[in-house]
2 protein chains.
Amino acid sequence: MDNPESSQSKPIGVFDSGIGGLTVVRAIRSRLPNEGIVYFGDTARVPYGTKSPETIRRYTREISSFLNNQGVKLMVVACNSCSATALDCVTEHFEGPVIGVIEPGARKALGVTHNGRVGVIGTQATVHSGAYERTLRLIAPEVQVFSTACPLFVPLAEERMEGREATRLIAEEYLEPLINQSIDTLILGCTHYPLLMDTIRKVVGSGVTVVDSAESTADASFDKLQEMGCLEPSNEESPLVQTYVSDNPLGVEKFCRSLMPQERVWVGTAQPTLIYPEVRD
Amino acid sequence: MDNPESSQSKPIGVFDSGIGGLTVVRAIRSRLPNEGIVYFGDTARVPYGTKSPETIRRYTREISSFLNNQGVKLMVVACNSCSATALDCVTEHFEGPVIGVIEPGARKALGVTHNGRVGVIGTQATVHSGAYERTLRLIAPEVQVFSTACPLFVPLAEERMEGREATRLIAEEYLEPLINQSIDTLILGCTHYPLLMDTIRKVVGSGVTVVDSAESTADASFDKLQEMGCLEPSNEESPLVQTYVSDNPLGVEKFCRSLMPQERVWVGTAQPTLIYPEVRD
């Protein structure tokens, strides 16, 4: 591993199954304005949340290897499905520190709950992994966790169905079992879900605090780089957000401009692939 | 290319982005009971319908190359998005005859319409390609075609939301513009959509004939093999449906058993990949 001084000027690597992780990029840029970022969004193979752990682990290895070759100093796994099922795969191709979205989201939820009853919603892969439940209980063994998969939330968010009657009906169906458990905190365990924030808030009501892990993941990234002495001390101009996607770069460029109008964003394509001589899982 | 006699005993290759194309396999087995089938479903990269033509063309090349290596005598592209945007890519890796789902579906619709006003629903990729419209007009220049993309139908079908209020609301929103155009025939331009058949029929009403292209694709396959003298003349036992998927073989095996309980189906995994030295599109 490099010494801290030579690492300072390296960018932070961030990846997600699609473009949802760019909300994490925005939070990191806001918390760490001197740091350059290399992002990868796997828009040609999105979504991951409906796929098997084996496939998510394979894709995570491919992307980690790609970002490692870009010389990043920290890897942020901005995808809940990858964080929940494949965080260890990142270290096969990367020696530096790795931050997932599960632990920061769990810590934030534990900081706001009063009654110790926390709800978690996410993709099938994330919920079936039990990663939030495990992490929450590891930090606070007395916490009660209630989880449910919301597989239609990703397509509803992508189709911009926020605020529609059909979306409300589906959200009620997914969230009622959690409300019936008297949760006072709800973790959005998927980077797409903030795009349905109004509907989710209306359905759960004002008595439930909704937790989005983007900001706490940015805080965790700051803490880790500071601890290692790897923070970029200053930067004359706003550093680049280098964005690679596997499909639809023009659509992603447009999305970046609307999400982060003040940032210098470059968008290109890449197809991370490793050749697997045999099944590894 | 092989002579007809040596080709007779070869299987038919069929592929789709996921498992929807197995409804086409079922129709082919029913029309051509002596023929063996090698199927590939790209469950690790599904769905295709939201992806760019370039990506769909790349995936189509990879799968065609894989099925060509299995020694198939006919290639059936059971995916509407691939048939609409990448039929020519199949011939880069396969010298035999290629049948897509667009033309058989279009011919069937033209056979049932009385007023010459045909609706088409499909994925974004299929509808944006204009392939159904082009094919319908090529065969019957006077036909009027009204198309609309229904991007939420695939996830709704996969989540088995058939018959639910939210599904009806979304279907009404998608289909009302077509109903207002007085169509009397509606082509289901996606292999997933038959799974929402009841909802779609209720919304369009009994005055509209709903066309699913699985059976007409099987008929076209029969005609093509007969024309070439490549029909397998007889078979003592029911030939195998060899099914390869890129993810979730156990779930696919279960689905096959419920869809085709009488068939001998083998399910395994494969990851068709070609190395692309440079962008080809």
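Just so you know, all these numbers are worked out from the coordinates, no wet-lab data involved. The structure presented is a predicted model; accordingly, all values stated were derived computationally and were not measured. Here Cβ is always computed from backbone atoms with ideal geometry, including for glycine, and neighbour counts include all displayed protein chains.
Observations on the model:
- Farthest positive-ward along region B:102-212 dipole, Cα basis, beta-carbon charges - from B:Pro177, B:Gly116, B:Leu188: B:Gly116
- Relative contact order for chain B: 25 percent, from Cα pairs under 8 Å spaced at least 6 residues apart, divided by residue count.
- Cα centroid of region A:1-54 to Cα centroid of region B:37-89, whole Å: 31 Å
- Listed from fewest to most Cβ neighbours within 10 Å, the set A:Phe222, A:Phe255 follows the order A:Phe222, A:Phe255.
- log₁₀ of I(q)/I(0) at q = 0.19, 0.21 Å⁻¹ - region A:188-273, Debye sum with one point per alpha carbon: -1.13, -1.16
- Computed E for B:Trp266/B:Ser234 - FRET, C-beta separation, R0 25 angstrom, nearest 0.05: 0.70
- Shape parameters for region A:45-163, alpha-carbon atoms, Rg then Dmax in Å: 15.3, 46
- Span from the region A:116-194 Cα centroid across to the region B:211-281 one, whole angstrom: 37 Å
- Chain A: angle of helix A:102-112 to the longest principal axis, Cα-based, in degrees nearest 10: 50 degrees
- When the Cα atoms of region A:102-212 are aligned to their principal axes, the ranges along those axes come out at 38, 27, 20 Å in descending order.
- Checking the Cα-Cα distances for A:Lys254/B:Lys51; A:Lys51/B:Lys51; A:Lys224/A:Lys254; A:Lys10/A:Lys224; B:Lys108/B:Lys202; B:Lys73/B:Lys254 against a 23 Å cut-off, the pairs over it are A:Lys224/A:Lys254; B:Lys73/B:Lys254.
- Cysteines (scope chain B) whose Cβ has no counterpart Cys Cβ under 4.7 Å: B:Cys89, B:Cys150, B:Cys190, B:Cys230, B:Cys256
- Degrees between helix B:165-179 axis and first principal axis of chain B (Cα, 0 to 90, nearest 10): 80 degrees
- Ranked A:Cys79, B:Cys190, criterion: other C-beta atoms within 10 Å, fewest first: B:Cys190, A:Cys79
- Rounded to the nearest 10 degrees, the angle from helix B:22-31 to the longest Cα principal axis of chain B is 70 degrees.
- Estimated from helices alone, the mean residue ellipticity of the protein assembly as shown at 222 nm is -12500 deg cm²/dmol (sum of -39500 (n - 2.57) over DSSP H runs with n ≥ 4, per residue).
- Two-site FRET efficiency, B:Arg137 against B:Glu165, from Cβ-Cβ distance with R₀ of 45 Å, rounded to 0.05: 0.75
- Scattering curve values for chain B, log₁₀ I(q)/I(0), Debye with Cα scatterers, q = 0.10, 0.15 Å⁻¹: -0.50, -1.13
- The per residue volume of the convex hull around the alpha-carbon atoms of the protein assembly as shown is 163 Å³.
- Order of A:Tyr276, B:Tyr132 under a 10 Å beta carbon neighbour criterion, fewest first: A:Tyr276, B:Tyr132
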